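Here's the structure we're looking at; comments come further down.
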Amino acid sequence: MISKVFLIILISYLLGSMNSSIIISKLIHNKDIRTVGSKNAGFTNALRNLSKLSATFTFLLDFFKGVFAIYISKYIINNNMDYNYLLYISMFMCMIGHMYPCFFKFKGGKGVLVTWGSTLLINWHIFIFTIIVFLIVLLMTRTVSIASIFAALSFPAVTLFITHFNYSNDNMFFCTLVTSIISFVIILKHKSNISRLISGTENKIK
């Protein structure tokens, strides 16, 4: 089992480290997404500073690498529900890889899309709940960063509620702990957005 856990951690981190916005910006646009706009290696910055097509590919690749990480992790644990809590470790490591990619000097994105991709395959109920929170806040504020922060805040609470019906107490609290850490790290990665929100300079969707 230790070897399986190590394999899940390694594969998930390496997949996460394949940051699509950095790759696309360098290969297609001959620039580094981390040097333009908000300097974040993610979908929103790609949409504002690359092209719509490049941003679309960034969205899809970041989302589905999260899906793929969980797909591989499920294969490693033979889709055994008793070890389903290990999928949360996979999600966390894929997010960390996206934020701190070993292939790009450990400077990446904020991990929202890759986390959603992982969540979809782990538990689609949690995915739907957090997406609803995101969309409601986005419609109210027209600000992606605020919507992302609120979705992150809802993540542990929704996980606790949903896993209560599926897992043992130990696994339920472990999954909630992991999603709490994920939530905290995602919000921490939004500190520059929070500073701009306070100063009133954060970009809004038109």
Restricting the search to the stretch 42-75, which residues are surrounded by fewer than 23 Cβ atoms within 10 Å (Cβ to Cβ) and among the basic types (Lys, Arg)?
-> Arg48, Lys52, Lys74
Collect the residues in the stretch 77-103 that are surrounded by fewer than 18 Cβ atoms within 10 Å (Cβ to Cβ) and in a helix (DSSP H, G or I), keeping them in residue-number order.
-> Met81, Asp82, Ile89, Cys102, Phe103
For Arg48, work out the one condition from (1) closer than 21 Å to Leu188 by Cβ; (2) touching a Gly at 6+ places or on another chain (Cβ under 6 Å) it doesn't fulfil.
-> (1)
Considering only the stretch 104-114, how many residues are assigned to a helix (DSSP H, G or I) and out of contact with any Ser or Thr (no Cβ under 7 Å at 6 or more places or on another chain)?
-> 3
Got a sec? Which helices (runs of 4 or more DSSP H) wholly within the stretch 117-206 have at least 2 residues that are crowded, with 18+ Cβ neighbours inside 10 Å, at negative phi and under 15 Å from the mean Cα position of the chain (by Cα)?
-> 124-141, 144-163, 169-189
Before we move on, is Asn30 out of contact with any helix residue (DSSP H, G or I) (no Cβ under 8 Å at 6 or more places or on another chain), at positive phi and of a type outside the set (Lys, Arg)?
-> yes
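Values quoted throughout were computed directly from the atomic coordinates according to the rules given, and no laboratory measurement underlies them. Predicted, not measured: the structure shown is a model, and the values here were computed from it. Don't worry about glycine lacking a Cβ; one is built from the backbone with ideal geometry, like all the others, and counts go over all protein chains shown.
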